[in-house]
Amino acid sequence: MSGNVLMKAIWPEPNLAFVSSAKIPNEYTKAWYFLVQGDRLAIHLDADEQWRPVNESEMGFFAKAELERHFLGFHGDVACFGVEVGDMPDVEFSGLRSLFGQMDNLMIDLAGRALQVSDWYRNHQYCGKCGARTEMHDNDRAMVCGTCRIFSYPRLSPSIIVLVHRGPEVLLARNHRFAEGMYSTLAGFVEPGESIEQTLVREVKEEVGINVNNLEYLGSQPWPFPNSLMLGFHAEYESGEIVLQEEEIADAGWFACNNLPNIPGKSAIARWLIDDYLEKIGIDG
Ligand SMILES: [Zn+2]
């Protein structure tokens, strides 16, 4: 296997066929529409119960509910749109995360883009400085205040996510919000002025009271809930005993790699980090 982390079987291939753009093209023959209502996605399944976007010929049926249309870019020759829709009594909506099991990585990627762009657009209708109504920029993904010329671009919140390891054991924790019995890797947001490495060391110390070293960056995943970008690491245990940050962490512990608790499904970076470590030490995920 190649040394490039992105080529490892357990990490999804990067989607290099997608060319991002905010400017609606004059011509296209194929299109995918990702219908969004607030932070939820319209449930639209094919015969195999797999989620798929609405295509050009189907879009006519949904047109009367359309509120706002955002061009996301081209996937190959397919024009991709996020469409904010209003009331649609016959259509069910769901959060993206609960559809992970019915979507491949490409659809998670594109639907996540649609949700993030919609969220940004809804939340930047007024200038944050003077309160005037903003307008969409003609070519760029920006909302612009005509009075003070402030440009508001989509905001991303970088976060670290880390699997801490100690030989044949890994440190997993459960958040108060997790489903019963579910454990995962540690994660936390970058603070202003911090490097990613500083964030990682601080978050691990804050959440479970231990010190880590030998950080290894493995890859990233957009996490549109609503606007994170997860940067995934392995880190080696250095010193300290587990002390929980009780407001955030319900439980944490060292788990033998051949006897793990319930962990996230194969669509999430937490799982890629865990599977990658299992592979490193020669255990099948
Ligand atoms: Zn302004």
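Where a number appears in this text, it was derived from the coordinates with a stated rule and is not lab data. In this text, all values refer to a predicted model and were calculated from it rather than measured experimentally. Here Cβ is always computed from backbone atoms with ideal geometry, including for glycine, and neighbour counts include all displayed protein chains.
Which FRET efficiency value, to the nearest 0.05, is calculated for Glu216 and Asp77 with the Förster distance at 30 angstrom and r the Cβ-Cβ distance? Could the numbers behind the result be given before it?
Details: r = 38 Å, r/R0 = 1.27.
The pair Glu216/Asp77 has a calculated efficiency of 0.20.
With +1 on the Cβ of every Lys and Arg and -1 on the Cβ of every Asp and Glu, and nothing else charged, how large is the dipole of the chain about its Cα centre, in debye rounded to the nearest 20?
Numbers: 23 positive and 41 negative charges, 151 e Å.
Dipole of the chain, to the nearest 20 debye: 720 debye.
Could you order the peptides 50-57, 13-20, 77-84 from most to least packed, using the average number of other C-beta atoms within 10 Å per residue? Spell out each step's value before the answer.
Working: 50-57: 15.9, 13-20: 11.5, 77-84: 20.6.
By packing density, highest mean first, the sequence is 77-84, 50-57, 13-20.
Using +1 at the Cβ of each Lys and Arg and -1 at the Cβ of each Asp and Glu in the chain, identify which of Ala132, Pro192, Asn213 lies farthest towards the dipole's positive end.
With unit charges placed on the Cβ atoms, the residue in question is Ala132.
Along the charge dipole of the chain, pointing to its positive end and built from +1/-1 on Cβ of Lys, Arg, Asp and Glu, which listed residue (Leu260, Gly181, Ser228) has its Cα farthest out?
Ser228
Looking at the chain, do any whole DSSP H helices span at least 24 angstrom along their long axis by alpha carbon and average -0.5 or above on Kyte-Doolittle, and which?
The answer, listed by residue number, is 105-122.
Rule-of-thumb check for segment 68-176: C-alpha Rg over 2.2 N^0.38 Å? Working shown, then result.
Numbers: Rg = 18.8 Å, N = 109, 2.2 N^0.38 = 13.1 Å.
Segment 68-176 yields a ratio of 1.44.
Rounded to the nearest 0.05, what FRET efficiency do Asp90 and Ser20 give with R0 = 35 Å and r taken as the Cβ-Cβ distance? Could you check?
0.65
Could you size up the charge dipole of segment 18-123 around its Cα centre, putting +1 on the beta carbon of Lys and Arg and -1 on that of Asp and Glu, and report it in debye to the nearest 20?
On the way: 9 positive and 17 negative charges, 73 e Å.
Here segment 18-123 has a charge dipole of around 360 debye.
Pulled fully out, how much extra length does the chain show between Glu180 and Ala256, if you take 0.36 nm times their separation in residues and subtract their Cα-Cα distance?
Numbers: separation 76, 0.36 × 76 = 27.36 nm, distance 1.98 nm.
25.4 nm is the gain from fully extending Glu180 to Ala256.
Within the chain, what percent of beta bridges assigned by DSSP are antiparallel, to the nearest 5?
On the way: 50 of 67 bridges.
In the chain, DSSP labels about 75 percent of beta bridges as antiparallel.
If I stretch the segment between Glu238 and Ser98 completely, what's the gain in nm (0.36 nm per residue apart, minus their alpha carbon distance), one decimal? Could you put the intermediate results ahead of the total?
Details: separation 140, 0.36 × 140 = 50.40 nm, distance 3.60 nm.
The span from Glu238 to Ser98 would gain 46.8 nm if fully extended.
Just to check, using Stokes-Einstein with a Kirkwood Rh over alpha carbon pairs, what's the diffusion coefficient of segment 18-123 at 4 °C and 1.567 mPa s in µm²/s?
On the way: Rh = 13.8 Å.
For the chosen part, D equals 94 µm²/s.
Taking only the alpha-carbon positions of the chain and ignoring solvent, what does the Debye formula give for the base-10 log of I(q)/I(0) at q = 0.07, 0.09, 0.11, 0.12 Å⁻¹?
Rounded to two decimals, the profile gives -0.31, -0.52, -0.75, -0.87.
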